[in-house]
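Please see the structure below; I have some questions.
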Amino acid sequence: MDHFPGHRLALGLVAAVLAVWSVFTLTALDAAALSPEAGGDVVVVFPMGVSSHRAYDAIIRAGGGVLEKSLFANAWIARSEEPGFVGRLLAQGAWRAFDPVPIQPLLIAGCFATATARVDGR
């Protein structure tokens, strides 16, 4: 006997929405990832569970330098001016690397604050 007849439909709809959202999100992340030939400043994302020491070591082994750690345990801002930096990061176990510009406000101050440093040093 089904005491909650509408709940199965609601649960089915929630599951369908989550499945479609997951596919679109993963597709968007894949499209936003930098090519292996890229260099410069990158947000490098490692698989969940990778230690900070392992991530730091992977960036150094890929020929880059760490600029800062992000709010997320598995994401770092790194830099190497050498072409192919992203490919070397991937070879060291990184999941993906992204351009930091669209992500930078979240890494600096979040949505409710802005950076106000002056360039001239005053």
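Please go through region 31-62 and give me each residue that is touching a Lys or Arg at 6+ places or on another chain (Cβ under 8 Å) and farther than 12 Å from Leu90 by Cα, ordered by number.
Those that are touching a Lys or Arg at 6+ places or on another chain (Cβ under 8 Å) and farther than 12 Å from Leu90 by Cα: Gly40, Asp41, Val42, Ser52.
Hey, among the residues in region 92-122 that are of a type in the set (D, E, K, R) and open to solvent by 100 Å² or more (accessible area, probe 1.4 Å), which one's modelled with the highest pLDDT? Break it down into steps so the answer makes sense when it comes.
Within region 92-122, the first condition is being of a type in the set (D, E, K, R), and the residues that meet it are 96, 99, 118, 120, 122.
Add one more test, that the residue is open to solvent by 100 Å² or more (accessible area, probe 1.4 Å), and what stays is 118, 122.
Working: Arg118: 50, Arg122: 46.
So, considering only residues that are of a type in the set (D, E, K, R) and open to solvent by 100 Å² or more (accessible area, probe 1.4 Å), the one modelled with the highest pLDDT is Arg118.
The values are calculated or read from the model by the stated rules, or taken from the named source; none is laboratory data. This one's a predicted model, so the numbers in the text were calculated from it and none came from an experiment. Don't worry about glycine lacking a Cβ; one is built from the backbone with ideal geometry, like all the others, and counts go over all protein chains shown. Calculation scope for accessible area: heavy atoms of the full protein, side chains included, ligands and nucleic acids excluded. Shrake-Rupley method; radii C 1.70, N 1.55, O 1.52, S 1.80 Å.
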